[in-house]
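The values are calculated or read from the model by the stated rules, or taken from the named source; none is laboratory data. Nothing here was measured: the structure is a model prediction, and the numbers come from that model. Cβ placement follows ideal geometry from the backbone for every residue including glycine, while neighbour counts extend to all protein chains displayed.
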Amino acid sequence: MSTPASPPDRATLLASLRDYVEQIREEGLEGLEGRGVVGAAAPARRPTETPAASLPDGRGRAAESTIRTAPPPPLSISPTPSPLASSTRSADTRSALTGDANLNPVYLYPGLEKTADLPALRQFIGECTRCKLAPLRTNIVFGVGDPKAELMFVGEAPGADEDLRGEPFVGRAGQLLTDIIERGMGMTRAEVYICNVIKCRPPENRNPEADEVAACEPFLFRQIDLVRPRVIVGLGTFAVQAVLKLKTPISKLRGNWHEVRGIRMMPTFHPAYLLRNPAEKRAVWSDIQEVMKVLGRPLPQRGPRGQDSSQA
């Protein structure tokens, strides 16, 4: 009699679930943040009693009474605003803080617009404590490459490897990006500029949150202003949506030219997404070919098996 197969352990299940969530987020699908059916009546809450013994007082002793916690007021459910109204309102708020991404910026941080070059900008950032990611990081991951590059790559946020080294795109996804630059484009990493929307690693590589983006994106826009590349390649859903201020899925944005601060931008899939979905490398190669045309650069020689080296 055969022994029944043991079920996968908890770590394996969590890893599979995390990969699935990352994949559908990368594809720009919505609806993961819901907590229930809109408009459904919330069940009434009874007052809860918390033993005060679990709440030590300021002298290190537990209080002897019981604290009665009143229920929170019921939620008021308002009609869902139209997407246009929501977009307009968020754009107005955003412009008041950091300036429209396609216009001259009104910087959130006085003096930021006076930084004359990338070293001065890095000095301005300092040992940043402007958002809640600061105490969690190992290093600020500012950016790397030619300060006057004609091509800039913008990703989402640092991962574990980047956090340790203080340099963007040095893990497995970074190795694939290097391969795209060197074998697919015939350039070197030193010839381009690489940075992220967020300069500190979010815990567990989660998506950056709105307040973190608001605190950090002025530095990205200043990097763009100082480098002034001819072309920006946006890598992945989050980076592209954050820079363009859109919620359109990356699958619909990629392959089409957009404009950021007077500079042409080509959205494409993130290298980490390509590691999970190798078949999409052809789509990225198509996007890279368009970038090469705009830059006026020749395509590299085809590989030994008759394939472009970027697709090998």
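Yes/no matrix, rows are residues, columns are (1) surrounded by fewer than 24 Cβ atoms within 10 Å (Cβ to Cβ); (2) in a loop (DSSP other than H, G, I, E, B); (3) at pLDDT 95 or above:
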residue	(1), (2), (3)
Ala157	no, yes, yes
Leu164	yes, no, yes
Glu167	yes, yes, yes
Val170	yes, yes, yes
Gly174	yes, no, yes
Thr178	yes, no, yes
Met187	yes, yes, yes
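Every condition in (1) surrounded by fewer than 18 Cβ atoms within 10 Å (Cβ to Cβ); (2) under 25 Å from Arg254 (Cα atoms); (3) out of contact with any Ser or Thr (no Cβ under 8 Å at 6 or more places or on another chain) holds for Val192 except the one numbered (1). Tallying residues that are within 20 Å of Leu151 (Cα to Cα) and of a type in the set (Asp, Glu) within region 197-255 yields 2.
Scan (1) modelled with pLDDT of 95 or more; (2) farther than 20 Å from Arg183 by Cα; (3) among the charged types (D, E, K, R) for the single condition Lys245 breaks and write down its number. Among (1) modelled with pLDDT of 95 or more; (2) farther than 20 Å from Arg183 by Cα; (3) among the charged types (D, E, K, R), Lys245 violates only (1).
If you go through region 260-292 and pick out every residue that is crowded, with 20+ Cβ neighbours inside 10 Å, under 25 Å from Arg222 (Cα atoms) and of a type in the set (Gly, Ala, Ser), you end up with 0. Within region 264-286, residues that are closer than 14 Å to Gly236 by Cβ sit with their Cβ atoms under 6 Å from residues that are small (Gly, Ala, Ser), at 6+ positions apart or across chains, in these pairs: Met265/Gly234; Pro267/Gly234; His270/Gly236; Pro271/Ala173; Ala272/Ala173.
Which of the residues that make up region 203-227 are part of a loop (DSSP other than H, G, I, E, B) and either touching a residue at least 24 places away in the same chain (Cβ under 8 Å) or of a type in the set (Lys, Arg) (or both)? Matches in region 203-227: Arg206, Asn207, Pro208. Under the condition of being surrounded by 17 or more Cβ atoms within 10 Å (Cβ to Cβ) and small (Gly, Ala, Ser), the residues counted in region 109-139 number 0. Selection of region 140-155 for residues being crowded, with 21+ Cβ neighbours inside 10 Å, within 18 Å of the chain's Cα centre (by Cα) and under 16 Å from Pro271 (Cβ atoms) yields Val141, Met152, Phe153, Val154, Gly155.
The residue list Val170, Val227 contains one member that is aliphatic (A, V, I, L, M) and touching a Phe, Trp or Tyr at 6+ places or on another chain (Cβ under 7 Å), which is Val227.
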